[in-house]
Amino acid sequence: MRKRNEEDGDVLLTAEDINSSILFEVAWEVCNQVGGIYTVIQSKVPASIKKWGDNYFVIGPYYNNQVSTIFESEPDPEGCVGEVLKQMREKGFQVHYGRWLIAGKPKTILFDACAIEHLWGNFKYLYWEHHGISIPDNDDLANKGLAFGFLVFEFFRLLAEREDLDQQIIGHFHEWLASAGIPEIRRFELPVKTVFTTHATMLGRYLAMNDSQFYDNLPFYDWQKEANHFNIRHIVDIERAAAHGSHVFSTVSEITSAECEHLLGRKPDVILPNGLNIERFEVLHRFQNTHLENKQKINEFVMGHFFNNYSFDLDNTLYFFTSGRFEFYNKGYDLTLEALARLNWKMKEANIDKTVVFFFITRNPYSSINPGLLQARALLEEIQRNCDDVQKSLAKLYFEKMISSRNGVDICDMTELVDEYKLIRLRRNLKSWRTNQMPPVVTHNLIDEGKDPIMNFLKMAHLLNYAEDKVKVVYHPDFISTENPLWRMEYYDFVRGCHLGIFPSYYEPWGYTPLECCVSGLPSVTSDLSGFGAYVGSDPEKAEHAGVDVISRQHRSMADAAEDLANRMFEFTKLDRRERIVQRNRIVESSYMFDWQELGRHYDEAHKLALMSR
């Protein structure tokens, strides 16, 4: 491979490079929302299309239940790509072409790996024969990923063979599930320039969840022994084969780069930090109003959750939250809980005249929404409707009473004007709504609450939403969406309505959540062990403007990090409204730093290096 060196200077992708190439971005999460890579690809598409135009395609797996609302079929494109798709169908493969219905509507190719299940055994034999990698029968996902890899390989093979193709082919593969075709491409020496990006090594994720000294022990792991121990040897083998077989190997952060070097045996050639499509979030002229509108929706949730037992001043209430996959240690939920217990004590001791409601938004198995909460929410909405009814009738009658008085200034007792039945109905609703039961911590009935680490910590720390607590906790083990009857709002609107995001991850190759806060005008706290935290923390001035507070977790005890986090949150509770508004203004103005229009240059570098490779 042709690598960059000091004499080369900057590696720049030129207009000529783009015009003479076709870029195919291959990811398991194209039209298939599984995790964070979906956000990476989806948000990057508009910037990619702006740069590459018609020379840009995305490739993903075909899942009928996923694509029904986000994929629109179209006739095959003219030219080489369209002809190859026809060839693949003639071979019996199910191939779908159309548009992914996201911003930019990219040209999309989907391969149905499930439709060729009868060929999986052949693919597994060839992979073992060609690369010495064995895929077990009981790993359905790995089998689908392998079949998808062979379909992608076949597509590139047929495309590269066409004599009428006068452009270079670049295949940019994301994560191990989409990368199984890379070793085959290199084995057959296809004229396809390959880039492989790992967003997190599979072995690193497992090790970090099970070793509190993961980063200290990283140089000393025996990757084969550890992969066998966690029964993921086949996945690690695919990942290593893709890393070593690609022309350009990349990852998303310097932290993950060290992980790749030790666990995959190759140092990445380029770092590709993740961005967002800022235009989607940009509401500079009205973002403060947007915050207030969405905060009111959160207020409604909080009133339904707490106020039937006791109330507190919503004007002096701050909404903090954390979100992400349910990885208790990797996501720093353990540290967050310890810090919340300390924050509760600090606020009581200092007699801070504020309440903090902290939301844990993370998906965890549950059987149903707590029926008591649904009933309380329904009753609250009925009370609201009755109050609106009283208000409307009272306004009409009071207006008529005022203008019909002799001198026009008589003030009457408004209670005389309200229909008695309406008042009685309102009193009955209030009595039905009130309860002596404590506000619950968790909003759903968990499958196994007794083993849930969040619930176990809260019980141990007695952080159970007592009236006297300054810190209240709401554990919501599901996504927030407009379909959710407890919220009826989108997740990003929820973020805009909050005041502070807390993401002190222990293992986080990148970390979109604090970045999403930034482009929504929301300050956040993250750690130096997250890729984004390390990236923004390397420039303290940039971090301050972006509203990102980076706490140190590397080579530091849990107790020290928890105290640090508690102090950061405690200092935030002391800010007044004006100071928070000034901070929001500064954050929104600096969000352009994380736009794909800015960060896309790193992808340009990877693609240029691929074109320069041999």
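Quick note: the coordinates plus some simple rules give every number you see, no bench work behind them. This one's a predicted model, so the numbers in the text were calculated from it and none came from an experiment. As a convention, Cβ positions derive from the backbone with ideal geometry for all residues, glycine included, and neighbour counts pool all protein chains shown.
In terms of other Cβ atoms within 10 Å, Leu379, Leu343, Leu276 run from fewest to most in the order Leu379, Leu276, Leu343. The Cα atoms of segment 170-318 cover 65, 37, 23 Å along the three principal axes, with the biggest extent listed first.
Using 0.36 nm per residue, how much length does the chain from Arg162 to Ser68 gain when fully extended, once their Cα-Cα distance is taken away?
Computed gain between Arg162 and Ser68 is 30.6 nm.
When each of the peptides 169-175, 549-555, 212-218 is scored by how many other beta carbons lie within 10 Å of its residues on average, the order from highest to lowest is 169-175, 549-555, 212-218.
Annotation: the residues Thr573, Thr290, sorted from fewest to most other C-beta atoms within 10 Å of their own C-beta, follow the order Thr290, Thr573. Protection proxy ranking of 522-531, 48-57, by the mean of other Cβ atoms within 10 Å over each peptide's residues and highest first, is 522-531, 48-57. Taking a straight Cα-Cα cut-off under 22 Å and skipping sequence neighbours fewer than 8 places away in the same chain, the lysines within cross-link reach of Lys431 are Lys422. For Lys295, the aspartates and glutamates whose Cα falls under 15 Å of its own Cα, not counting residues fewer than eight places away in the same chain, are Asp313, Asp315, Glu490, Asp493. Taking packing as the residue-averaged number of other Cβ atoms within 10 angstrom, the listed peptides 511-518, 350-357 run from highest to lowest as 511-518, 350-357. Both radii are taken from the alpha-carbon atoms of the chain; with Rh as the Kirkwood radius, Rg/Rh is 1.04.
Across the options Ala178, Asn210, Asn138, the greatest Cα extent toward the positive end of the charge dipole of segment 84-230 (unit charges at beta carbon of Lys, Arg, Asp, Glu) belongs to Ala178. Shape annotation for segment 1-140: C-alpha extents along the principal axes are 49, 38, 32 Å, from largest to smallest. Here the extension length gained between Lys86 and Asp54 equals 9.6 nm, from 0.36 nm per residue of separation less the Cα-Cα distance. Would you mind checking the pairs Lys297/Lys459; Lys51/Lys91; Lys44/Lys144; Lys225/Lys459; Lys348/Lys542 and listing those with alpha carbons more than 30 angstrom apart? Over 30 Å apart, Cα to Cα: Lys51/Lys91; Lys225/Lys459; Lys348/Lys542. The distance from the alpha carbon centre of segment 187-209 to that of segment 212-252 is 9 Å, rounded to a whole number.
Placing +1 on the Cβ of every Lys and Arg and -1 on the Cβ of every Asp and Glu, with nothing else charged, gives the chain a dipole about its Cα centre of roughly 1480 debye. The relative contact order of the chain comes to 16 percent, based on Cα pairs under 8 Å that sit 6 or more residues apart. Between helix 36-52 and the chain there is an angle of about 70 degrees, using the helix long axis and the longest principal axis of the Cα atoms. The angle between the Cα long axis of helix 254-263 and the main principal axis of the chain comes to about 50°, on a 0 to 90 degree scale. When both segment 80-106 and segment 555-610 are represented by their alpha-carbon centers, they are found 40 Å apart.
Considering only Cα atoms, the convex hull volume of segment 302-388 works out to 123 Å³ per residue. In whole percents, the pair-distance distribution calculated for segment 92-233 from its alpha-carbon pairs, binned every 10 Å from zero, is 10, 32, 34, 18, 6, 0.
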